[in-house]
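The values are calculated or read from the model by the stated rules, or taken from the named source; none is laboratory data. These numbers were taken from a predicted model, which means no experiment stands behind them. Cβ atoms come from the backbone with ideal geometry, glycine included; neighbour counts cover every protein chain shown.
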Amino acid sequence: MPVPEDKRILRFLMLAFCLLAFTGPLAAREPLGPSPRPQPPPSQGHRLIPGDEVEILIVALPDLERVYRLRSDGGLYHPLAGEIPASGRTLEELRQILEKRLARDLKNPSVQVGLRSMARQDVTILGEVAKPGKYAILPGASVLDVLAMAGGNTPNADLSTAVLMRGGQSQTVSLAPPDPTATEVPQILVEPGDILYLLAGTQISVVGDVANPGVYALPRTACDPWRALHAAGGPKPGAALNRVVLQRATLPAPVVLDLSRPDSPLPEEARVLMQGDSLRIPERQVVLLGGVSQAGPLTLQAGENVLDVIMRAGVTDPKTLDDVTIIRAEDVRAGRQKTERHDLTPYIKKGDTTVLVPVFDGDVVYVPAPAQRGRFNLLNLLFLGRAVFGYP
């Protein structure tokens, strides 16, 4: 029996309505794919933290609320799944929890979970950096990343003893290579709310016969005269390392140090340098007295002998070279009242080089003048040696 035309039209309209009712919400639904926000979605290995925004789609219930933000305690509340401790979990772990909870009321629930936006992670860096302040970072950032954001450290920074404060506790971290040949530094990751503080190093002044005199910030954990000398570029070839002078405001008098050998023992007060200390590295010198044109300290050049320094100082009367007196610095330091008498005329007359004895840093050379023979005694010379070189 044929169906009346008006009933056929009614059936067609009912079918179209059902199709629209089923497909309409899906067509209007936003895709779960990448968010149009400028921040790209991280990998599935990202572990959620407070402030992260997640998008949860229950396939059977597409119209249900879908965007949830993790609270400061790391949890989120879903109207069907209830309270969920989401912080520290991956997206996949969160999806599994949701499906397990929903399985109590839905048959084989299908859940999709995506990360809509990541929380802003603020880390503060202060102290000896170019631009102290608060910086937003991405998960997985290290202390070196934060240091780079702050424009790097200042020349006064002590990279070996930076302080990382987290959760009311602090720890010392190193931002410097563990040794001069190291090419990598262990990565120390930062967390939201961390405060990184770069301390200033111990500032030491190094002057005198060094490659680069100046003020240097030394690490607090390795602040000794050797490190200060290295920071200044090392000594020049003519430096008198056996009588380096340490000056400190709290010491009653300057302290003379012997840095000529790495194994040289140091006075207790010089083993660790203090803020404001000054190291003076003098040149190697001898003192010429008596019958010379330029009496006083004379810079000692490598390999010079007694006649070399006398000629550079300008002898006033070559006849007096038959009785040259030398007081050795090592005798003065040892408290020995000892002199050496040398006749240099055999070299002048016959070329006898055996009389050309070497001279060393701190020696005192006395050449008598005709009118002054016998006027300088041993005590005079010892006194002058102590006064010029600071010997005890």
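Taking only the range 301-323 into account, find how many residues are within 26 Å of PRO237 (Cα to Cα) and either touching an Asp or Glu at 6+ places or on another chain (Cβ under 6 Å) or in a strand (DSSP E or B) (or both).
1
Any idea which residue in the range 158-193 is modelled with the highest pLDDT, counting only those that are under 11 Å from LEU126 (Cα atoms) and crowded, with 16+ Cβ neighbours inside 10 Å?
Applying the filter and picking the extreme gives LEU164.
Only residues that are modelled with pLDDT of 90 or more, under 57 Å from the mean Cα position of the chain (by Cα), assigned to a helix (DSSP H, G or I) and surrounded by 12 or more Cβ atoms within 10 Å (Cβ to Cβ): list them for the range 335-378, please.
Listed by number, the list holds a single entry, VAL355.
So is LEU80 within 23 Å of HIS46 (Cα to Cα) and either of a type in the set (D, E, K, R) or modelled with pLDDT of 90 or more (or both) or not?
Spelling it out, it is not the case that LEU80 is within 23 Å of HIS46 (Cα to Cα) and either of a type in the set (D, E, K, R) or modelled with pLDDT of 90 or more (or both).
Collect the residues in the range 82-102 that are among the acidic types (Asp, Glu), over 14 Å from ILE58 (Cα atoms) and in contact with a strand residue (DSSP E or B) (Cβ under 6 Å, 6 or more places away or on another chain), keeping them in residue-number order. Steps first, please.
To start, the set of residues in the range 82-102 that are among the acidic types (Asp, Glu) comprises 83, 92-93, 99.
If we keep only those that are over 14 Å from ILE58 (Cα atoms) as well, we get 83, 92-93.
Selection gives GLU83 alone.
I want to confirm something. Restricting to the range 45-56 and keeping residues that are closer than 16 Å to GLN96 by Cβ and surrounded by 18 or more Cβ atoms within 10 Å (Cβ to Cβ), which single residue is modelled with the lowest pLDDT?
Filtering first and then ranking leaves LEU48.
Quick check, is ALA130 without any contact (Cβ under 8 Å) to a residue 40 or more places away in the chain, within 30 Å of LEU159 (Cβ to Cβ) and within 46 Å of the chain's Cα centre (by Cα)?
Yes, satisfied.
Matching residues to (1) in the same structural domain as PRO192 (by TED's automatic domain parsing); (2) part of a helix (DSSP H, G or I); (3) over 23 Å from GLN187 (Cβ atoms); (4) touching a helix residue (DSSP H, G or I) at 6+ places or on another chain (Cβ under 9 Å):
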| site | (1), (2), (3), (4) |
| --- | --- |
| ASP63 | no, no, yes, yes |
| TYR77 | no, no, yes, no |
| GLU92 | no, yes, yes, no |
| ARG95 | no, yes, yes, no |
| ARG101 | no, yes, yes, no |
| GLY114 | no, no, yes, yes |
| ASP145 | yes, yes, no, no |
| GLY151 | yes, no, no, no |
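Going by the conditions given, is LEU164 assigned to a loop (DSSP other than H, G, I, E, B) and either in the same structural domain as LEU76 (by TED's automatic domain parsing) or at negative phi (or both)?
So LEU164 does not fit the description; no.
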